[in-house]
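**Student:** I am attaching a structure below and will ask some questions about it afterwards.
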Amino acid sequence: MASTTYTLNGANLTPGQPFVESGIAYPANWLALASNDDLAAHGIVKTVVSDPDPTPEEIKARLVAVADRKILALQASGVTINGVAVETTEKGLIMIGGAAQRADKDPSAVCHWTIAPGVDVDLNAETTTALGLAVSNWVDAGYVTLRAVYAAIDAGTITTAAQVEDPTTVGVMGWPVATITT
């Protein structure tokens, strides 16, 4: 982005503020609407100053923020494993973890889940344990990718937000997919 300043007779004019010059009152939006010729005709000097290029540290910080948002979005999106949709928010992970622990301790346990209104799933202990492990592996894969993305940002291999979104374009492992069949 660039910043624009306006000066008249050595005084700064503030965009969005009305001003008076030579007895003429100008409305708050006059600077924004005036053409360069209008400005010059009234003795107003318009200066556009480009923002400095971001430093390498600022670029890396922005890319890390993109990666952080990516892992959060991934976790919030959920995963479907062998046709069973699993909410992977903090609450969903707690629920699947608890169900897997219960199934591990009681081989006769059945997990009764309602995925959506009218969509009920009953999972035996073996399936619940396998589902819990698959979800855990999926979450872990996200963090393994996040570590690889952080390292690639630090090494200068990832230099754009698009590369964070799809790190495979620069030879870094990709983010886990949302549907898994085991």
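The values are calculated or read from the model by the stated rules, or taken from the named source; none is laboratory data. The shown structure was predicted, so the numbers you read here are calculated from the model rather than taken from an experiment. Because the Cβ atoms are built from the backbone with ideal geometry, glycine has one as well, and the counts that use them run over all protein chains shown. Side chains are part of the model used for accessible areas, which takes the heavy atoms of the whole protein and leaves out ligands, DNA and RNA. Shrake-Rupley method; radii C 1.70, N 1.55, O 1.52, S 1.80 Å.
**Student:** Under 8 Å between Cβ atoms, which residue pairs at least 6 apart in sequence (or on different chains) link something in the range 42-65 that is surrounded by 12 or more Cβ atoms within 10 Å (Cβ to Cβ) with a partner that is of a type in the set (Asp, Glu)?
**Tutor:** Listed pairs, sorted by first residue: His42/Glu21; Lys60/Asp154.
**Student:** Okay, next question. Across the range 96-115, what is the total count of residues that are among the aliphatic types (A, V, I, L, M) and either without any contact (Cβ under 8 Å) to a residue 24 or more places away in the chain or under 13 Å from Gly83 (Cβ atoms) (or both)?
**Tutor:** 3
**Student:** Look at the range 145-182 and say how many of its residues are under 12 Å from Ala67 (Cα atoms), part of a helix (DSSP H, G or I) and open to solvent by 40 Å² or more (accessible area, probe 1.4 Å).
**Tutor:** So the count comes out to 6.
**Student:** Still on this structure: Just to be sure before I move on: is Arg102 under 23 Å from Pro167 (Cβ atoms), part of a helix (DSSP H, G or I) and at pLDDT 90 or above in the structure I sent?
**Tutor:** Criteria not met by Arg102.
**Student:** Only residues in the range 151-177 that are touching a residue at least 60 places away in the same chain (Cβ under 8 Å) count as the first member; pair them with residues that are surrounded by 14 or more Cβ atoms within 10 Å (Cβ to Cβ) and not hydrophobic (A, V, I, L, M, F, W, C), Cβ under 6 angstrom, at least 6 apart or cross-chain, and list the lot.
**Tutor:** From the range 151-177, the pairs are Ile153/Lys60; Trp175/Thr145; Pro176/Gly142.
**Student:** List pairs: first in the range 27-40 and open to solvent by less than 80 Å² (accessible area, probe 1.4 Å), second among the hydroxyl-bearing types (Ser, Thr, Tyr), Cβ under 7 Å, 6+ apart or cross-chain?
**Tutor:** Going by the 7 Å Cβ cut-off, the qualifying pairs are Leu31/Tyr6.
**Student:** Does the range 81-98 include one or more residues that are part of a loop (DSSP other than H, G, I, E, B) and either in contact with a helix residue (DSSP H, G or I) (Cβ under 7 Å, 6 or more places away or on another chain) or modelled with pLDDT of 90 or more (or both)?
**Tutor:** Yes, because at least one residue in the range 81-98 is part of a loop (DSSP other than H, G, I, E, B) and either in contact with a helix residue (DSSP H, G or I) (Cβ under 7 Å, 6 or more places away or on another chain) or modelled with pLDDT of 90 or more (or both).
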